1. Is it the case that some residue within region 35-54 is over 11 Å from the mean Cα position of the chain (by Cα), over 28 Å from residue 130 (Cα atoms), modelled with pLDDT of 95 or more and not in a loop (DSSP other than H, G, I, E, B)?
2. Return a yes/no flag: does region 86-99 have any residue that is more than 19 Å from residue 61 (Cβ to Cβ), touching a Pro at 6+ places or on another chain (Cβ under 9 Å), touching a residue at least 12 places away in the same chain (Cβ under 8 Å) and of a type in the set (Asp, Glu).
3. Given (1) in a helix (DSSP H, G or I); (2) out of contact with any His (no Cβ under 6 Å at 6 or more places or on another chain); (3) crowded, with 17+ Cβ neighbours inside 10 Å; (4) not polar (S, T, N, Q), identify the lone condition not met by residue 80.
4. Does residue 106 satisfy being polar (S, T, N, Q) and more than 12 Å from the chain's Cα centre (by Cα)?
5. Check 135, 154, 117 and return the single one that is free of Cβ contacts under 8 Å to residues at least 40 places away in the same chain and closer than 19 Å to residue 45 by Cβ.
6. Does region 115-127 contain at least one residue that is in contact with a helix residue (DSSP H, G or I) (Cβ under 6 Å, 6 or more places away or on another chain) and among the charged types (D, E, K, R)?
7. I'd like the full set of residues that are at pLDDT below 95 and closer than 15 Å to residue 108 by Cβ, limited to region 136-169.
8. Going through region 56-66 one residue at a time, which ones are surrounded by 13 or more Cβ atoms within 10 Å (Cβ to Cβ) and not β-branched (Val, Ile, Thr)?
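The values are calculated or read from the model by the stated rules, or taken from the named source; none is laboratory data. If you're wondering where the values come from, they're calculated on a predicted model, not measured in any experiment. Cβ coordinates were reconstructed from backbone atoms using ideal geometry, including for glycine residues, and neighbour counts include every protein chain displayed.
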Amino acid sequence: MLAVWSWFTFWLLGHILLVIVAFGPTFTFPGVAAMARKDPAHAIAYSKVIHFVEQRMTIPLAVLVPLFGVGLIYTAPGHIDLWKSEWLVISIVLYIAAFFFAVFVQLPNSTRMVDMLAGMPPGPPPPDAVPPAELQAIGKKLQFGGMYLTVSVLVILVLMVWRPGASFT
């Protein structure tokens, strides 16, 4: 059993586990946001949960994912020629774009959403109440940003599993 354990196995298992724990919960965000829209009296709680997961789990663990990826590149059986592995270069570029979007656009918008909801009067809104335009605008930004990030994660996942044109076996 010890013979099959290697640094490559360590980096691979770490990389996969980090991806699952960091990005898995984000696939629930659209459902949680829909619950918040249906139950405005508790929208702050729903928003705080999403913000907490994003701020305390997804982004910190997302920092480690590429570090474990580098470990995989350097310990892979055979040789991974980074510049001849288009699937890997594309994945890295997509990851960098998504990471910086999450940190510099999505997280500040999420913070604004939580702050705005926290500033609203407690209790359920009147039945005919319309959310403030700014709150709706932030919600739309978060929704579209979430779609972009979800598609990015899925494209990267497909590229990592499929490895089209892989330069190693």
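1. Within region 35-54 (the criterion being over 11 Å from the mean Cα position of the chain (by Cα), over 28 Å from residue 130 (Cα atoms), modelled with pLDDT of 95 or more and not in a loop (DSSP other than H, G, I, E, B)), the answer is no, since none of the residues qualifies.
2. Of region 86-99, the ones more than 19 Å from residue 61 (Cβ to Cβ) are 86-90, 93.
Pick out the ones that are also touching a Pro at 6+ places or on another chain (Cβ under 9 Å) and you get 86-87.
Narrowing the set further to residues that are touching a residue at least 12 places away in the same chain (Cβ under 8 Å) leaves 86-87.
Still in the list and also of a type in the set (Asp, Glu): 86.
Within region 86-99, one or more residues are more than 19 Å from residue 61 (Cβ to Cβ), touching a Pro at 6+ places or on another chain (Cβ under 9 Å), touching a residue at least 12 places away in the same chain (Cβ under 8 Å) and of a type in the set (Asp, Glu).
3. (1)
4. Numbers: polar (S, T, N, Q): yes; more than 12 Å from the chain's Cα centre (by Cα): no.
Judged against the criteria, residue 106 is not a match.
5. 135
6. The answer is no; no qualifying residue exists.
7. Across region 136-169, there are no qualifying residues.
8. Just the residues of region 56-66 that are surrounded by 13 or more Cβ atoms within 10 Å (Cβ to Cβ), to begin with: 57-59, 61-62, 64-66.
Matches in region 56-66: 57, 61, 62, 64, 66.
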